[in-house]
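*Asks:* My structure is below; once you've seen it, I'll send some questions.
The values are calculated or read from the model by the stated rules, or taken from the named source; none is laboratory data. Treat the numbers as computed from the prediction; the structure is a model and nothing was measured. So basically every Cβ, Gly included, is an ideal-geometry build from the backbone, and we count neighbours across all protein chains shown.
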Amino acid sequence: MTMRTHVLYLSGIGLSLLATFVFAGRDDAPREDPHEKLQSLRETRLSTSINLVQRVDAAYSAGIASLTDQLEAAEFRFEAELEMADREGKIKLYRSAVERAQALESHAKRMENVAIASPMHYTIAKLRRLELEIELQKLLIEQDDK
């Protein structure tokens with residue numbers, strides 16, 4: 001390639017980029033309200049996570065998914081519900097999450113006792129339960145302070 005070809009090539013790229021920036025600023029389409037967009041994204045996240053939980057539960061029943069898959073799906077749903085909940089809803093969600101975490105912790109301990117699972121599963125379950133209980137207590141303290 002000659003120098004002239006390089007210059008023409010680069011100037012073509014430059015003009016294309018310039019045109020892109022100029023025309024991108026002229027978007028006459030109405031802009032979506034960011035609050036509505038956020039709410040829409042939250043609702044989509046929640047419905048998708050609920051769908052995921054249902055699909056993973058069905059797969060678990062069919063022997064295709066593992067308990068870990070179920071827990072991960074439940075975690076996605078918990079996070080989506082938590083983001084959309086008010087203060088009372090958050091307390092309720094944390095209480096039910098603590099109950100699920102306690103059940104998981106005892107299940108992991110039983111699995112460890114019969115030597116089917118690593119001690120790591122029990123420890124992780126215990127840490128997760130403690131984390132949830134701490135967050136619940138923070139919410140309860142905050143509620144009492146108000």
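*Asks:* With respect to the numbered conditions (1) surrounded by 14 or more Cβ atoms within 10 Å (Cβ to Cβ); (2) at pLDDT below 85, which one is the sole condition not fulfilled by residue 116?
*Replies:* Only one criterion in (1) surrounded by 14 or more Cβ atoms within 10 Å (Cβ to Cβ); (2) at pLDDT below 85 is unmet by residue 116, namely (1).
*Asks:* Let me ask something else about it. I'd like to know if region 68-84 contains one or more residues that are in a loop (DSSP other than H, G, I, E, B) and outside the structural domain of residue 129 (by TED's automatic domain parsing). Quick ask: steps written out before the conclusion?
*Replies:* Taking region 68-84 as the starting set, the residues that turn out to be in a loop (DSSP other than H, G, I, E, B) are none.
The answer is no; no qualifying residue exists.
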